1. Determine if the range 156-164 includes at least one residue that is open to solvent by less than 50 Å² (accessible area, probe 1.4 Å), among the hydroxyl-bearing types (Ser, Thr, Tyr) and closer than 17 Å to SER209 by Cβ.
2. Taking the options VAL210, VAL193, VAL159, VAL221, name whichever one is within 20 Å of LEU141 (Cβ to Cβ) and either touching a Leu at 6+ places or on another chain (Cβ under 6 Å) or without any contact (Cβ under 8 Å) to a residue 60 or more places away in the chain (or both).
3. Let me confirm something: among GLY182, GLY176, GLY187, GLY197, which residue is farther than 23 Å from ILE80 by Cβ and touching a Gly at 6+ places or on another chain (Cβ under 6 Å)?
4. Anything in the range 191-220 that is open to solvent by 20 Å² or more (accessible area, probe 1.4 Å), under 17 Å from ASP178 (Cβ atoms) and of a type in the set (A, V, I, L, M, F, W, C)? List them, or say none.
5. With VAL78, VAL47 as the choices, which residue is closer than 18 Å to GLY142 by Cβ, exposed (fewer than 13 other Cβ atoms within 10 Å of the Cβ) and at pLDDT 90 or above?
6. Which condition number does THR184 fail, the rest of (1) under 19 Å from SER148 (Cβ atoms); (2) open to solvent by 50 Å² or more (accessible area, probe 1.4 Å); (3) not acidic (Asp, Glu) being met?
7. Got a number for residues in the range 169-181 being open to solvent by 80 Å² or more (accessible area, probe 1.4 Å) and polar (S, T, N, Q)?
8. Out of curiosity, is HIS139 within 23 Å of ALA31 (Cα to Cα), surrounded by 16 or more Cβ atoms within 10 Å (Cβ to Cβ) and either modelled with pLDDT of 90 or more or not small (Gly, Ala, Ser) (or both)?
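The values are calculated or read from the model by the stated rules, or taken from the named source; none is laboratory data. Keep in mind that this is a model prediction, so the values were computed, not measured. Virtual Cβ from ideal backbone geometry, glycine too; neighbours counted across all protein chains shown. Each accessible area value is taken on the protein alone, full model and side chains, heavy atoms only, with ligands, DNA and RNA left out. Shrake-Rupley method; radii C 1.70, N 1.55, O 1.52, S 1.80 Å.
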Amino acid sequence: VAPATFTAAGCAGGGGTAFKPTLCYLTSMTATQRAAFENAAARWQQVITGDLPDVPLSVAAGACGTGMPSFDLSVDDVLILASVKPIDGVNGVLGSAGWCYRRTGSLPIVGAMAFDSADIASMESSGLFAPVVMHEMGHVLGVGTLWSSLGLLVNPSPVGGPPLDTYFNGSGALAGFDAIGGSTYTGGQKVPVENTGQSGTINLHWRESVLQNELMTGWIVSGANP
């Protein structure tokens, strides 16, 4: 497999003895847009502190989505392919993100994030672009997108069906939920997962009705998203 050829500013990050995503920019971006990705990576580095072994990885062109390059390299922690490009015009799909390769039975090692250039200006003017990037990077890292395959999502709700008491049973999340006030929660099992919405929202986020404006609920709002 030929080495990757990145058409914009290339790659930055990775290395060291702590968790540190490598960001590879596939399209040109403004300094503000690039800063949103860098700040999001820095914030997730504060949350995830354990280093992961480097892994040699060869990926064919297009394997992580249309137009994605091939690459043959050693990945430190996780490689994120980032782009701002035309998708479907104003007010359609704002963007997409997720992992495309993961370590055997474990965490993502390669993921992609793409945002529609037609919607960037409105997201930036409303102050939502930075938290949306941080949210979508969470999905690349496995939040919501790995829950089922790791056996941590319990009682998933059907799309369009009656909402069930869907919850996430990871011990770390339980401790975190209790620490922010969840020790008195009586609405069902903990930690409550979103049980309404469409297929891209339901079963993949924390429950909006309980955690409201937390970063990884299914609906983003202006203001703080802790």
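1. Yes.
2. VAL193
3. GLY197
4. Matches in the range 191-220: TRP206, VAL210, LEU211.
5. VAL47
6. It fails just one condition, (1).
7. Residues meeting the conditions: 1.
8. Numbers: within 23 Å of ALA31 (Cα to Cα): no; surrounded by 16 or more Cβ atoms within 10 Å (Cβ to Cβ): yes; either modelled with pLDDT of 90 or more or not small (Gly, Ala, Ser) (or both): yes.
In short, no.
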